[in-house]
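Comments concern the structure below.
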Amino acid sequence: MQPLQQEDAQRSTELHQEVQHFYARQMLHLDNGHAVEWAATFTEDGVFAANAHPQPTQGRAQIESGAREAARKLAEQGLQRRHWLGMLQVDEDVDGHITARSYALIIETPVNGQAALRLSCTCDDVLVRVDGRLQVLRREVHRDDIR
């Protein structure tokens with residue numbers, strides 16, 4: 001392997017690991033009901049779009065509000081959700097935008113009950129660096145059960 005190819009491969013590996021660590025922290029915030037911390041992983045003007053929602057959620061404040069409401073409903077129902085992201089593909093363009101595509105499995109466990117796979121989705125993100133830290137500029141979630 002040529003030195004430039006080795007540098008490219010190393011950078012690609014490092015970026016992939018960085019994005020995986022970002023998602024691990026982000027999903028822990030969401031699964032633990034930490035709406036403020038989860039929303040802070042989006043840019044101020046970030047967008048969360050999903051084929052299960054009629055309109056995208058725009059802006060960190062609305063994203064936080066949506067996460068807070070979802071956590072409230074899950075708590076009322078006695079459900080714990082866990083998000084597992086895998087099959088991660090990461091690419092960076094010349095402008096520094098990072099595209100990340102993953103499969104997302106959402107597992108629900110009722111109090112005193114069995115865990116069950118609730119949803120299977122794809123997640124397409126555009127990530128950017130803000131003050132050296134990754135943040136989601138745009139997220140598009142596509143549930144497999146909705147066409």
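The values are calculated or read from the model by the stated rules, or taken from the named source; none is laboratory data. A quick note: this is a predicted structure, and the numbers were derived from the prediction, not measured. All Cβ positions, even for glycine, are placed from backbone atoms using ideal geometry, and neighbour counts span all protein chains on display.
In the stretch 128-147, the qualifying residues are those that are touching a residue at least 24 places away in the same chain (Cβ under 8 Å) and not in a strand (DSSP E or B), and the one that is nearest to Arg25 (Cα to Cα) is Asp144.
When restricted to residues that are part of a strand (DSSP E or B) and surrounded by fewer than 17 Cβ atoms within 10 Å (Cβ to Cβ), the stretch 107-127 contains 9. Every condition in (1) loosely packed, with under 11 Cβ neighbours inside 10 Å; (2) part of a strand (DSSP E or B); (3) over 13 Å from the mean Cα position of the chain (by Cα) holds for Gly86 except the one numbered (3). Residues in the stretch 1-50 that are in a helix (DSSP H, G or I), over 21 Å from Ser102 (Cα atoms) and at pLDDT 95 or above: 3 in all. In a residue-by-residue description of the stretch 1-14, the property of being in contact with a helix residue (DSSP H, G or I) (Cβ under 9 Å, 6 or more places away or on another chain) and in contact (Cβ under 8 Å) with a residue 12 or more places away in the chain applies to no position. The residues in the stretch 99-138 that are within 17 Å of Glu44 (Cα to Cα) and touching a strand residue (DSSP E or B) at 6+ places or on another chain (Cβ under 7 Å) can be counted, and the count is 10.
Scanning the stretch 52-64 for residues that are surrounded by 14 or more Cβ atoms within 10 Å (Cβ to Cβ) and either in contact with a Lys or Arg (Cβ under 8 Å, 6 or more places away or on another chain) or outside any loop (DSSP other than H, G, I, E, B) (or both) gives Thr57, Gln58, Arg60, Gln62, Ile63, Glu64.
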